[in-house]
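Structure, as structure tokens:
The values are calculated or read from the model by the stated rules, or taken from the named source; none is laboratory data. Predicted model, so just to flag it, every value in this text is computed and none were measured. Glycine gets a Cβ as well: all are built from the backbone with ideal geometry, and neighbour counts include every protein chain shown.
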Amino acid sequence: MKLSQRLAAGLAAALALTAVAGSPAIAAVPTNDLFSGAEVVGAVPFTTSLDTTEATTDADDAELNATCGAPAMDASVWYSFTAAADEAYIADASASDYSTGVFVATGSPGSFEVLACGPGGAAWQATAGATYSIVVIDDQSDGGGNGGQMALMIDVAPPPPALEVTVDPAARFDSKTGSAILSGTMMCGEDAASAFLEAQLTQRVGRVLIRGFGGTEVTCDGTTRPWTIEVLGDNGLFKGGKSATVTFAAACGLAFCSEYFDESTIQLKGKGKG
Ligand SMILES: [Ca+2]
């Protein structure tokens with residue numbers, strides 16, 4: 001019993017020593033730390049994993065961030081990608097074990113033009129034959145550290161989710177509360193990562209322009225569903241009659257959003273069946 005325990009402990013210690021001796025004292029500075037060493041990306045889909053703990057930041061990073069405003073630009077690594085076709089692409093580093101930001105730019109130091117940037121990833125419309133710098137940074141949103149184990153995927157971007165919205169030409173209003181209840185239908189594709197539906201209602205009541213704003217939760221599963229939004233006037237009660245409404249909806253996928261915008265005049269009709 002005791003012997004086997006000692007053996008086990010000794011074996012574990014030996015393994016630990018081997019592990020320490022077998023790994024480098026520190027991670028190396030990535031070869032694509034700088035613009036000049038950018039790793040060329042061949043065909044997509046492209047995936048890579050890289051230890052960026054020794055990556056550095058410099059003035060080129062700051063130039064890119066001048067138009068984006070990431071909280072930090074630490075541990076940047078560079079990729080160079082020449083698009084094969086006029087197509088939308090996505091660079092996604094969100095699977096990394098630290099908080100990343102992704103920049104996509106054309107040009108070179110001193111004349112960068114940033115096309116897209118965002119936390120975790122960025123998507124952009126590419127032109128066949130054009131070369132893009134794709135830069136993954138540690139944006140420090142997680143509060144510290146310098147880089148980590150980065151995971152990057154570059155591929156043709158998925159299309160925006162499907163989105164269809166209708167707004168009913170008549171809405172109910174409740175004379176007690178002065179609220180209007182707008183309605184309609186909405187369908188958004190199940191590939192939507194986020195979606196919303198909002199409405200603004202304005203109505204002239206006497207000399208006053210009553211305004212109100214409301215929104216509702218939406219479910220994106222490809223099914224057309226009815227929606228209602230209750231709108232309370234910010235500065236008075238809505239009444240029966242004509243009213244102007246602006247409805248805005250969006251459904252966003254991994255890369256792009258579909259948007260819906262409608263401006264119309266609807267009828268507010270009294271609550272109840274008479
Ligand atoms: Ca760098």
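Scanning region 200-217 turns up no residue that is over 25 Å from residue 270 (Cβ atoms), part of a strand (DSSP E or B) and either without any contact (Cβ under 8 Å) to a residue 40 or more places away in the chain or not assigned by TED's automatic domain parsing to the domain that holds residue 99 (or both). Among the residues of region 42-51 satisfying the criterion of being under 14 Å from residue 95 (Cα atoms) and among the β-branched types (Val, Ile, Thr), which is farthest from the ligand (Cβ to nearest atom)? Here the residue is 47.
Here is a yes/no grid of residues against (1) at pLDDT 95 or above; (2) not in a loop (DSSP other than H, G, I, E, B):
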site	(1), (2)
124	yes, yes
128	yes, no
154	yes, yes
164	yes, yes
173	no, yes
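Restricting the first member to region 52-76 and to residues that are closer than 23 Å to residue 111 by Cβ, and the second to residues that are part of a strand (DSSP E or B) and away from the ligand (no atom under 12 Å from the Cβ), the beta-carbon pairs closer than 6 Å and six or more apart or on different chains are 64/105; 64/114; 67/114; 68/117; 70/101.
Total residues in region 67-117 satisfying the condition of being at pLDDT 95 or above, over 23 Å from residue 252 (Cβ atoms) and within 16 Å of the ligand (Cβ to nearest atom): the figure is 11. Every test in (1) under 12 Å from the mean Cα position of the chain (by Cα); (2) over 19 Å from residue 31 (Cα atoms) is passed by residue 102 save one, and that test is (2).
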